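Bear in mind these aren't lab numbers, they're just calculated from the coordinates by the rules spelled out. Quantities reported herein were computed from a predicted structural model and do not represent experimental measurements. All Cβ positions, even for glycine, are placed from backbone atoms using ideal geometry, and neighbour counts span all protein chains on display.
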Amino acid sequence: MSDLKLPGVGSGFPIQSFVDATVAGERAPKEKMFQRRAGDIGIQLSSYGTLKGVLEEFKSSLKKLGDEEAFEKRSTSFSNSGFANATADKTAVAGSYTIVVEQLAEAHKVGTNSIPKADAEKKLGSGSLTLEVGDESFTVSIDKDKSTLADVANAVNNAEDNKGVRATVVTDDNGSRLVFFSEKTGTENTIKVSASGNGDGEGTNDLGSIGTVTPIQLAKDAKITIDGAPVTSQSNEIKNAIQGVTLDLKKPTDKADPTKTDLKTSTTLTIGYDKGVVEKNLQEFVKSFNTVMATINQLTSYNAETEKAGPLNGDGTARNLTSQIRRMLSEPIEGASAPIKSLTDLGITTQKDGKIELDEDLLKKQIDDNFSKIGQLFASEEGVSKKLDDMLESFVGKEGVLTKRDSSLNAQMDKLNKERADFEIYMEKYEERVYKQFTDMDIMVAQLNQQLNSVVAAFDNMPSFGGAKQ
């Protein structure tokens, strides 16, 4: 209550203590019930949440094995590194190829005549600049007020119809000059420059003078041989010279020299299945599954010595989940091909506690000898991954059993919280009522005491009869 509470003025009794004790007696049983129910719901929510968490992780490990591309990925390696990189898609055929990198593709680069460093900031004057790259060209107009070497370079680089030419200013001991280079490599992307000026530059400077350029770097095509067959490319990225393979050239291999024995005149590209990733995914599958089983065992456990049970001991949902998982792990898979028709054939066996054990040696052998068959076991339409994922979805999906159980428990907790709030309102009113009752009693006692005192006083004031008062 928010009102000021005073001890009984009529009776002298500790009214507030009586009220507190009465209210506490009323509150205790209900509060104990609330705490017990909230504890039970909280434990179940936590337990189901833990179970859902490990099942979601298990689903993730299944996804890696259920993706057909996981078994279609290709690995690439070179006997001599540093000359090229390679990537291969699923269409690449496993095999080895001898590659010689004879020449890298290079971009064409040309430069204008140098002008003295002191004149580098002077204006070249107005006019136009035409640049050709391959079969395309574009023209840039130059204003007199923006015609320094740097201004011209910016005008070229920012031209909306630029066909792939970059420009910059290079200053060396001989002075400053414009350098133009193609964005693309190869002989099909050579540069030509022509300029016309209006003769309004500062001093001897004139825009028309930059139309005369000299080569700095010749345009070159990439040249390699694959098993002795020549391949020419405009770019250092060569696609599908080998089916499904992209080569990224880095530097030429060494030229043959009979006087040297340490030269790397070629490199061997080997393409194979990316078995390492699949092996890792299978190991993660076993680890994740065992985490699921360890969690279920803990939540459903019972210790006979301590007579203490896990929070989900006897829970039908956990028992049903365990039963379904074990059945699916042990049964053969339709569509799988011998010699890999079940997980046992991969070296995965079930232990007494429900966990699974992996025979690493047998797994490696099957990966080496029957890699594609593993893909059928896991990634086919009726494969392990699909069947387990569908089953797990029935537990942790939007309409899954555990998801609905969570929703139900949360609804129970919300209802309980509302009951608690309603009970608090009831207790406030109850305390007010009890306090009023004790206060009314105190007032009545005060009135009775007053009446008693009046009667006593009346007797004291009565005249005596026959002598002194006794």
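When the listed pairs Lys59/Lys280; Lys90/Lys341; Lys275/Lys365; Lys109/Lys239; Lys63/Lys387; Lys90/Lys264 are checked against a 18 Å cut-off, the alpha-carbon distance exceeds it for Lys90/Lys341; Lys109/Lys239; Lys90/Lys264. You can think of it this way: the chain between Asp440 and Ser81 has 119.3 nm of extra reach, that is 0.36 nm per residue less the Cα-Cα gap.
When only Cα pairs below 8 angstrom with a gap of at least 6 residues are kept, the stretch 109-217 shows a relative contact order of 39 percent. Dipole of the chain computed with +1 at Lys/Arg Cβ and -1 at Asp/Glu Cβ about the Cα centre; of Ser266, Ile226, Leu452, farthest Cα towards the positive end is Leu452.
If contacts are Cα pairs under 8 angstrom and at least 6 residues apart, what is the relative contact order of the chain in percent? Relative contact order, the chain: 22 percent. Listed by chain and number, the lysines whose C-alpha is less than 26 Å from the C-alpha of Lys436, apart from same-chain residues fewer than 8 away, are Lys5, Lys30. When only the Cβ of Lys, Arg, Asp and Glu is charged (+1, +1, -1, -1), the dipole of the chain relative to its Cα centre reaches about 1020 debye. All other residues whose Cβ lies under 13 angstrom from that of Gly125 are scored, Lys and Arg at +1 and Asp and Glu at -1, for a net of -3.
In angstrom, the C-alpha Rg and Dmax of the chain are 45.6, 161.
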